[in-house]
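Chemist: Below are the structure tokens for one structure; questions will follow.
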Amino acid sequence: MAKPTILTVDDDPMVSQAITRDLRERYGSTHRIVRASSGAEALDVLRELALRDRPVAMVVTDQRMPEMTGTEMLAQAREFVPDAKFLLLTAYADTDVAIKAINDIGLDYYLLKPWDPPGERLYPVTDDLLGDWQAAHPQAETDVRIVGHRWSDRSHDLKTFLARNHVPYGWLDVDRDREAIRLVELAGAEPDDLPLVILPDGLMRAPTTRALADALGLRTQAEQPLYDLCIVGGGPAGLAAAVYAASEGLSTVVVERHAPGGQAGQSAAIENYLGFPKGLSGSDLTQRAVAQVGRFGAEMVLARDVASLEARGPVRAVVFDDGGSIEARSVIVATGVSYRLLQGPGLDDLTGRGVYYGATASEASQCEGDDVYVVGAANSAGQATLNLARFARRVVMVVRGSSLDASMSSYLVERILATPNIEVRLQCEVVGGRGEGHLEAITIVDRESSAEEEATTNWLFVFIGASPRTEWVGPDVARDDKGFVLTGSALGGRSEPPRWPLTRQPYPLETSLPGVFAAGDVRRDSMKRVASAVGEGAMAVSFVHGYLATM
């Protein structure tokens, strides 16, 4: 693969020389640094690179240039480099223009001039932008390949597991790729052996996610016999708790059944998170958080299903479905919520084969040129719809309510209504699906007229409701009738059926089992926002300290 290009654009020769020099000093060994002295010249360069199929990682441009401003040039540049990162160099007086460009042209970042010293002001920004671009454009050659059927639920599970754990892989479809057929024949594979996973040191036949995690060297076993804190759930609340606990000296382990990030980790864009004016993807946020967790020494145990929670004297035990367990002096329950299952004939049988709950970036790219249907009207559905619309011919949102405004942030509503290939069907429901081996059509009913229609599609993504997975916590942890965990004052005091066994009052995020806390979406009355989950995860650690001090 050719070195990706970084293009600098500035009409001032001294400024152009300075920014090119600084970028070449940092990235010259891995990137090709190209200069342009005007917007028109920059567009010619980008056009030529696009014709030659040369990757462009980043465009760095001044705003104030004659004939064509930096933002005007970048707006046209999207035609040639749709995935490049855009960095605008601007004066303080132009910050309003830069902020507007974030929404209008997808500007990734703006930097006030001068950027000296580059080690403090320029490189932290460009390192992040280039790192994000590289993560989205891995080399074509990968160490892991999956060979399977496009509509196989097992193939889907393995691809999702690898993608969410940031393991690059190649996908070969036995229905489309000759190489896939050749590999199946070489392996002497039977239908029940698919999907095959080809690793540098061996071949796996229809592996479980845990077996694949072990083969890849991902940690699936805890290293210590006893921890200060065990966190169940690796979403924003759990990762935040791990960062704060480990950084404050607590021996900490995080148990995650799938991959770090939770529902937030699958989000194409989180645009209202403090400190990221352009927003960031759930995958990016998760990668940053996992790096912090590792930096402070917390352990991450993946691909393990928690079956129960036990009180063993002063110790709490998180018990796995295979009988193994992790013991800790305290526990934070941060398992979040899952999307509720869509009810209707045929839908259960087609889950993972055209009917999906949530959507990863890789699934969005596979929908290119197709008609896609999305059920739901919360922010997660809105972000997924906008991401799918980048690839699909048409995206249809199926919404039970009479408007999007009641459940979705206004900035998302505005963008959805302004996107030409998105259609919103209000007061409608998906009530069934059919297909031989994979989804081929869905049934939609109009809630006002009760009229039914069948829509042809291979793709249905569901984002409805919030269902906490808390049956594993057992009867000692009080929950409401929907399964959300009760904490603090919600336990109701000692006058009610004995939800709290001690004379002291429970800590605000403590459950009815002393030493067990809950944070994030799994807790009743939580805000169901990434920022609040992060805040609760951090806050729970302060209460853990208080609890451990009394042991």
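Chemist: Sort through Ala269, Ala264, Ala213, Ala242 and tell me the only one that's touching a residue at least 40 places away in the same chain (Cβ under 8 Å) and more than 22 Å from Arg304 (Cα to Cα).
Modeler: Of the residues listed, the single one that is touching a residue at least 40 places away in the same chain (Cβ under 8 Å) and more than 22 Å from Arg304 (Cα to Cα) is Ala269.
Chemist: Let me ask you something else. Could you look through segment 52-89, keep only residues that are among the acidic types (Asp, Glu) and within 19 Å of Leu111 (Cβ to Cβ), and pick out the one that is surrounded by the most Cβ atoms within 10 Å (Cβ to Cβ)?
Modeler: Asp62
Chemist: When residues of segment 152-192 are filtered for being modelled with pLDDT under 90, part of a loop (DSSP other than H, G, I, E, B) and either closer than 20 Å to Thr208 by Cβ or of a type in the set (Phe, Trp, Tyr) (or both), how many remain?
Modeler: Residues flagged as modelled with pLDDT under 90, part of a loop (DSSP other than H, G, I, E, B) and either closer than 20 Å to Thr208 by Cβ or of a type in the set (Phe, Trp, Tyr) (or both) within segment 152-192 amount to 4.
Chemist: Sticking with this structure for a sec: Identify, please: which residue in segment 520-549 is under 14 Å from Arg479 (Cα atoms) and over 19 Å from the mean Cα position of the chain (by Cα) and is, among those, surrounded by the fewest Cβ atoms within 10 Å (Cβ to Cβ)?
Modeler: The extreme case among them is Asp525.
Chemist: For segment 44-54, name all the residues that are within 33 Å of the chain's Cα centre (by Cα) and more than 18 Å from His137 (Cβ to Cβ).
Modeler: Within segment 44-54, Arg47, Leu51 meet the criteria.
Chemist: Then there's this: Under 7 Å between Cβ atoms, which residue pairs at least 6 apart in sequence (or on different chains) link something in segment 185-199 that is open to solvent by less than 20 Å² (accessible area, probe 1.4 Å) with a partner that is among the charged types (D, E, K, R) and assigned to a helix (DSSP H, G or I)?
Modeler: Qualifying pairs under 7 Å: Pro195/Arg154.
Chemist: Which pairs do you get when a residue that is assigned to a helix (DSSP H, G or I), found in segment 77-92, comes within reach of a residue that is open to solvent by 40 Å² or more (accessible area, probe 1.4 Å) and of a type in the set (A, V, I, L, M), reach meaning Cβ atoms under 9 angstrom, with the pair 6+ apart or on two chains?
Modeler: Final answer for the pair search is Tyr92/Leu112.
Chemist: Being touching a residue at least 24 places away in the same chain (Cβ under 8 Å), buried (at least 17 other Cβ atoms within 10 Å of the Cβ) and closer than 16 Å to Val534 by Cα, is that true of even one residue in segment 293-315?
Modeler: Within segment 293-315 (the criterion being touching a residue at least 24 places away in the same chain (Cβ under 8 Å), buried (at least 17 other Cβ atoms within 10 Å of the Cβ) and closer than 16 Å to Val534 by Cα), the answer is yes, since at least one residue qualifies.
Chemist: Would you mind telling me which numbered condition in (1) open to solvent by 10 Å² or more (accessible area, probe 1.4 Å); (2) assigned to a loop (DSSP other than H, G, I, E, B); (3) among the small types (Gly, Ala, Ser) Gly234 fails?
Modeler: The single condition Gly234 does not satisfy is (1).
Chemist: Count, please, the residues in segment 391-430 that happen to be open to solvent by 40 Å² or more (accessible area, probe 1.4 Å), modelled with pLDDT of 90 or more and within 22 Å of the chain's Cα centre (by Cα).
Modeler: 3
The values are calculated or read from the model by the stated rules, or taken from the named source; none is laboratory data. The model shown is predicted, which means the values in this text are computed figures rather than measured ones. Cβ: placed from backbone, ideal geometry, glycine included. Neighbour counts: every protein chain shown. For the accessible areas, the whole protein counts, side chains as well, though only heavy atoms, and no ligand, DNA or RNA atoms are used. Shrake-Rupley method; radii C 1.70, N 1.55, O 1.52, S 1.80 Å.
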